[in-house]
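The next block holds one structure in the form of structure tokens; read it before the comments.
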Amino acid sequence: MAQQVQGVVAPGRNESVRVETIVIPDPGPGEAVVKIQACGVCHTDLHYKQGAINDEFPFLLGHEAAGIVESVGAGVTDVAPGDFVILNWRAVCGACRACLRGRPQYCFATHNAKQKMTLLDGTELSPALGIGAFAEKTLVAAGQCTKVDPSVAPEVAGLLGCGVMAGIGAAINTGGVGRGDTVAVIGCGGVGDAAVVGSRLAGAARIIAVDIDDRKLETARGMGATHTVNSRSTDPVEAIRELTGGFGADVVIEAVGRPETYEQAFYARDLAGTVVLVGVPTPEMRLELPLLDVFGRGGSLKSSWYGDCLPSRDFPMLIDLHQQGRIDLAAFVTETIGLGDIEKAFARMHEGDVLRSVVVL
């Protein structure tokens with residue numbers, strides 16, 4: 001029987017979000033209903049509200065979440081009612097060419113729930129990243145649920161659903177940061193700081209954090225950065241080269257998603273070094289680089305999809321590392337808020353003093 005719950009809806013481009021009554025259908029084959037316990041406020045949710053992702057309004061926002069499986073549909077075997085899960089937005093299919101090659105983290109046919117959640121009047125909602133977790137409950141594909149240790153706090157666990165996993169994965173999975181490497185991270189928001197954490201975890205010898213905000217740089221240092229550069233007052237390319245013996249960093253992670261900062265990342269890497277783009281650009285952005293420089297500098301230019309993570313592998317591992325005290329996921333939680341505070345949380349993003357606002361239900 002369908003349920004009615006409260007959820008946060010973005011009704012139109014740049015319109016204020018509002019708490020609405022949402023209709024959640026019973027789970028169909030391969031689907032699950034999850035009772036949300038916590039959900040982080042991510043820049044991607046703001047991009048949905050601004051119409052920067054697409055124009056399929058109204059959106060049910062929220063995707064960086066953890067909760068308890070309430071019910072499952074036919075054919076679901078990996079999770080069961082009562083399981084504590086982190087939601088992910090790349091449920092692998094197991095049958096596409098990437099999956100069949102043993103590279104499910106690159107799955108080309110990820111999927112979401114087939115049924116639609118609606119408003120009371122029947123208007124179909126577009127759930128952010130196929131999740132829609134700024135709600136008391138949500139409907140997802142069962143493959144979007146990853147079971148983890150239930151003793152971890154939901155507001156901490158949920159962060160792996162997007163930003164923290166994206167940053168850690170950009171360093172470890174995509175960038176292949178190794179022991180003794182030099183790493184530069186451009187952009188020290190939640191994703192950039194997670195890249196700092198991932199680089200430290202991988203054994204990087206030098207981690208250079210770059211941002212225009214000294215407060216963010218101080219936070220990055222607390223996360224494990226060995227050096228900081230304020231790019232508002234200092235040329236970051238020259239500063240990174242100076243800190244790496246004149247060569248540039250082995251891996252440069254761009255966590256902003258702008259052409260200007262990507263160009264900085266490109267020229268701040270060592271010869272045969274790696275650039276990882278994990279910041280999300282908007283559709284109108286264009287990049288221009290001399291093709292001879294692309295050829296002449298060698299190395300790799302990579303995009304990091306969700307930190308190239310495999311949730312079934314990476315989520316439990318990172319939760320275990322957190323439980324062991326080897327990484328501090330709780331350090332990313334700046335504040336906990338309610339469903340009615342999302343607009344304020346979006347505003348705080350621009351103030352530079354918050355890593356993550358987390359909705360707790």
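Is it the case that LEU329 is open to solvent by less than 70 Å² (accessible area, probe 1.4 Å), farther than 21 Å from MET223 by Cβ and touching a helix residue (DSSP H, G or I) at 6+ places or on another chain (Cβ under 6 Å)?
The answer is no for LEU329.
Give GLY102, GLY122, GLY94 a once-over and let me know the one that is over 30 Å from SER303 (Cβ atoms) and either hydrophobic (A, V, I, L, M, F, W, C) or loosely packed, with under 15 Cβ neighbours inside 10 Å (or both).
After ruling out the rest, the residue left standing is GLY122.
How many residues does the range 142-165 contain that are open to solvent by 10 Å² or more (accessible area, probe 1.4 Å) and small (Gly, Ala, Ser)?
4
If you scan the range 11-29, which residues turn out to be open to solvent by less than 30 Å² (accessible area, probe 1.4 Å) and modelled with pLDDT under 95?
Matches in the range 11-29: none.
Residues of the range 63-83 being surrounded by fewer than 22 Cβ atoms within 10 Å (Cβ to Cβ) and in contact (Cβ under 8 Å) with a residue 40 or more places away in the chain, which ones?
Within the range 63-83, GLU70, SER71, GLY73, ALA74, GLY75, VAL76, ASP78, VAL79, ASP83 qualify.
Report, by residue number, each residue of the range 84-110 that is over 29 Å from PHE346 (Cβ atoms), without any contact (Cβ under 8 Å) to a residue 60 or more places away in the chain and of a type outside the set (Gly, Ala, Ser).
CYS93, CYS96, ARG97, CYS99, LEU100, ARG101, ARG103, CYS107, PHE108
Condition (residue is touching a residue at least 12 places away in the same chain (Cβ under 8 Å), small (Gly, Ala, Ser), open to solvent by 70 Å² or more (accessible area, probe 1.4 Å) and over 22 Å from VAL210 (Cβ atoms)) applied to the range 281-303: is it met by at least one residue?
Checked against the condition, which is being touching a residue at least 12 places away in the same chain (Cβ under 8 Å), small (Gly, Ala, Ser), open to solvent by 70 Å² or more (accessible area, probe 1.4 Å) and over 22 Å from VAL210 (Cβ atoms), the range 281-303 yields no hits at all.
Mind telling me which of the residues THR174, THR182 ends up being farther than 17 Å from ASP83 by Cα, out of contact with any Gly (no Cβ under 7 Å at 6 or more places or on another chain) and not acidic (Asp, Glu)?
Working: THR174 fails: out of contact with any Gly (no Cβ under 7 Å at 6 or more places or on another chain).
Of THR174, THR182, the one residue that is farther than 17 Å from ASP83 by Cα, out of contact with any Gly (no Cβ under 7 Å at 6 or more places or on another chain) and not acidic (Asp, Glu) is THR182.
Looking for something touching a Gly at 6+ places or on another chain (Cβ under 6 Å) and either under 23 Å from LEU339 (Cα atoms) or not β-branched (Val, Ile, Thr) (or both) - is there at least one such residue anywhere in the range 94-111?
Going residue by residue through the range 94-111, those that are touching a Gly at 6+ places or on another chain (Cβ under 6 Å) are none.
Checked against the condition, which is being touching a Gly at 6+ places or on another chain (Cβ under 6 Å) and either under 23 Å from LEU339 (Cα atoms) or not β-branched (Val, Ile, Thr) (or both), the range 94-111 yields no hits at all.
Only one residue in LEU87, LEU61 is modelled with pLDDT of 95 or more and in contact with a Gly (Cβ under 6 Å, 6 or more places away or on another chain), so which one is that?
Within the list LEU87, LEU61, the selection yields LEU87.
Find the residue count for the range 225-251, including only residues that are surrounded by 20 or more Cβ atoms within 10 Å (Cβ to Cβ) and on the phi > 0 side of the Ramachandran plot.
Number of matching residues: 1.
The values are calculated or read from the model by the stated rules, or taken from the named source; none is laboratory data. As the structure is a computational prediction, the values presented were derived from the model and not from experiment. When we count neighbours, we look across all protein chains shown, and the Cβ atoms used for this are built from the backbone with ideal geometry, even at glycine. The protein model used for the area step is the full one, side chains on, heavy atoms only, and it has no ligands, DNA or RNA in it. Shrake-Rupley method; radii C 1.70, N 1.55, O 1.52, S 1.80 Å.
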